[in-house]
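**Student:** Would you mind keeping the following structure in view while I ask a few things?
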Amino acid sequence: MSVSLFGRSLLTLLDYSPEEIQYLLDLSCKLKAEEKSANNGGGKILRRFEGLTLALLFEKRSTRTRCAFETAFGEEGGHPVFLSAADIQLGAKESLEDTARVLGRMFSAIQFRGFKQETAEILAEYSKVPVYNGLTDLYHPTQALADMQTMIENFGEIKGRKLVFAGDGRNNVARSLMVICSKLGVHFTVITPQELMPDDVLRGKCGALASKSGAIISVTSDISAVEGADAIYTDVWVSMGEEDKKEERLRLLSPYQVNQALMDKTGKKETIFLHCLPAVKGEEVTANVIDGPQSRAWDQAENRKHTIKAVMLATLIKDK
Ligand code: CP
Ligand code: NVA
């Protein structure tokens, strides 16, 4: 079956089929190999984004996502324009719909990082160009793609592997992992306190997807559920915009810290550790785990660039 993602936005991943996601992951692995070969003198970087423009809208801070979009697009001749919320009207003074219409007349695509998922959806609807969700309060789909690529690099076939997320189970990263795992047949367990469990609507949607892919999706407060995990993932306990919840989160999540004892509880020596970064060492993960031999956090960070380039190529270049 041939896959075409030309003209599509990437907002949640929920509307991408398993074949489309696999296509992006295959393309990303190919792009990574191409880049390594070019860096070793074995090829050249192409100019596939020549003549194209990308608006990078940021309401929240970013290191990896911004750098991945800018380098992936710019190194192939595209022109990325960084626009922070302090620089442009985003729903203030003029409506978001009007801003979207204007951006759509000037840019080939838009990346949005911010608070409301609805903002990304409105940008896509009114700009009529592909919009990429670079993180909202609800989803972080480009991160989930990089995470799956990292698992593929370690395990080859990932269908049937077990990924455990220990931490704030209702945050954007955990939610996007639940979506992508449900689609790809990766078993996914969220270990989190009762207060931070993902909502029933998302669990229902993912449950339906999982019944097609064969994934087992579970949510529990029981730490012993790490047993048999091929990968353990965590993220900050306090996401951007929730700084006032810090004290409560430390209290709720301290028992769920990923430390060597938790890694060892999987019963598998080859279990890898994943983290989207930025990390607060000493809170959600200990330094010896994230800086240790089981950690693949730095590969994940690099894979942000390759997966994001794959998404932009597939959605902006016909017949890619
Ligand atoms: N993982 C991630 O999205 O990192 P940034 O917040 O630095 O973009
Ligand atoms: N859950 C984190 C992810 C950062 C990449 C946040 O939203 O701040």
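The values are calculated or read from the model by the stated rules, or taken from the named source; none is laboratory data. Note that this is a predicted model, so its numbers are computed, not measured. For neighbour counting, all protein chains shown are included, and Cβ atoms are generated from backbone atoms with ideal geometry for every residue, glycine included. Just the protein is used for accessible areas: all its heavy atoms, side chains included, with ligands, DNA and RNA removed. Shrake-Rupley method; radii C 1.70, N 1.55, O 1.52, S 1.80 Å.
**Student:** So what is the relative contact order of the chain, in percent, for Cα pairs below 8 Å that sit 6 or more residues apart?
**Tutor:** Values: 616 pairs, mean separation 66.2, N = 320.
Relative CO of the chain lands at 21 percent.
**Student:** Another one. Using a simple spin-label model with points 7 Å from Cα along the Cα→Cβ vector, what separation in nm is obtained for residue 19 and residue 224?
**Tutor:** 4.3 nm
**Student:** Per-residue ellipticity at 222 nm for the chain, helices alone: DSSP H runs ≥ 4 residues times -39500 (n - 2.57), over residue total, nearest 500 deg cm²/dmol?
**Tutor:** Details: 11 runs with 134 residues, N = 320.
Helix contribution divided over all residues of the chain: -13000 deg cm²/dmol.
**Student:** Mind ordering 252-265, 192-205 by average Cβ neighbours within 10 Å, highest first?
**Tutor:** Details: 252-265: 17.3, 192-205: 15.0.
The peptides rank, most packed first, as 252-265, 192-205.
**Student:** What is the packing order of peptides 81-89, 139-147, 22-30, taking the mean over residues of other C-beta atoms within 10 Å and listing the highest first?
**Tutor:** 139-147, 22-30, 81-89
**Student:** Leaving out ligands and nucleic acids, note down the accessible area per residue over the stretch 258-301 with a 1.4 angstrom probe, in whole Å². Spell out each step's value before the answer.
**Tutor:** Working: 1960 Å² over 44 residues.
Computed with neighbouring chains in place, this is 45 Å² per residue.
**Student:** Which ³J(HN,Hα) values, rounded to whole Hz and listed in residue order, are derived for the stretch 20-25 from phi using the Karplus coefficients 6.51, -1.76 and 1.60 in 6.51 cos²θ - 1.76 cosθ + 1.60 with θ = phi - 60°, glycine and proline given as x?
**Tutor:** So the Karplus estimates, Gly and Pro as x, are 5, 5, 4, 4, 5, 5 Hz.
**Student:** Now, a different point. Run through the stretch 229-293 and list the GluC sites (Glu not before Pro) located in a DSSP loop whose Cβ has at most 12 other Cβ atoms within 10 Å. Working shown, then result.
**Tutor:** On the way: sites: 242, 243, 247, 248, 270, 283, 284; in loops: 242, 270, 283, 284.
Passing sites in the stretch 229-293 are 270.
**Student:** Related question: Given C-alpha coordinates of the chain, what is the ratio Rg to Rh with the Kirkwood estimate of Rh?
**Tutor:** Working: Rg = 19.2 Å, Rh = 20.0 Å.
With Rh from the inverse mean 1/r over Cα pairs, Rg/Rh is 0.96.
**Student:** If you roll a 1.4 angstrom probe over the protein chains with everything in place, what fraction of the accessible area of the stretch 1-55 belongs to carbon and sulfur, to the nearest %?
**Tutor:** On the way: 1570 of 2900 Å².
Summing carbon and sulfur atoms, their accessible area is 54 percent of the total for the stretch 1-55.
**Student:** If you don't mind, another one. Based on the Cα coordinates of the stretch 18-97, what is the per residue volume of their convex hull in Å³? Write out the running numbers ahead of the final one.
**Tutor:** On the way: hull volume 11.2 nm³, N = 80.
Convex hull volume per residue, Cα atoms: 139 Å³.
**Student:** While we're here: Output the Cα-based Rg and Dmax of the stretch 82-147 in Å, rounding Rg to one decimal and Dmax to a whole number.
**Tutor:** Just the Cα atoms of the stretch 82-147 yield Rg and Dmax of 11.6, 38 Å.
**Student:** Based on alpha-carbon centroids, what's the gap between the stretch 10-57 and the stretch 256-320 in Å, whole number please?
**Tutor:** Here the answer is 19 Å between Cα centres.
**Student:** Using the heavy atoms of the protein chains and a 1.4 angstrom probe, tell me the accessible area per residue for the stretch 1-116 in square angstrom. If you can, show how the numbers build up before the last one.
**Tutor:** Working: 5880 Å² over 116 residues.
Accessible area per residue, the stretch 1-116: 51 Å².
**Student:** For residue 126, what accessible surface area do you get with a 1.4 Å probe? Give it in Å², rounded to 10.
**Tutor:** Surface accessible to solvent at residue 126 totals approximately 70 Å².
**Student:** Restrict the search to the stretch 1-46; then list the GluC sites (Glu not before Pro) that DSSP places in a loop and that have at most 14 other Cβ atoms within 10 Å of their Cβ.
**Tutor:** Values: sites: 19, 20, 34, 35; in loops: none.
Taking the stretch 1-46 and a limit of 14 other Cβ atoms within 10 Å, no loop GluC sites (Glu not before Pro) are found.
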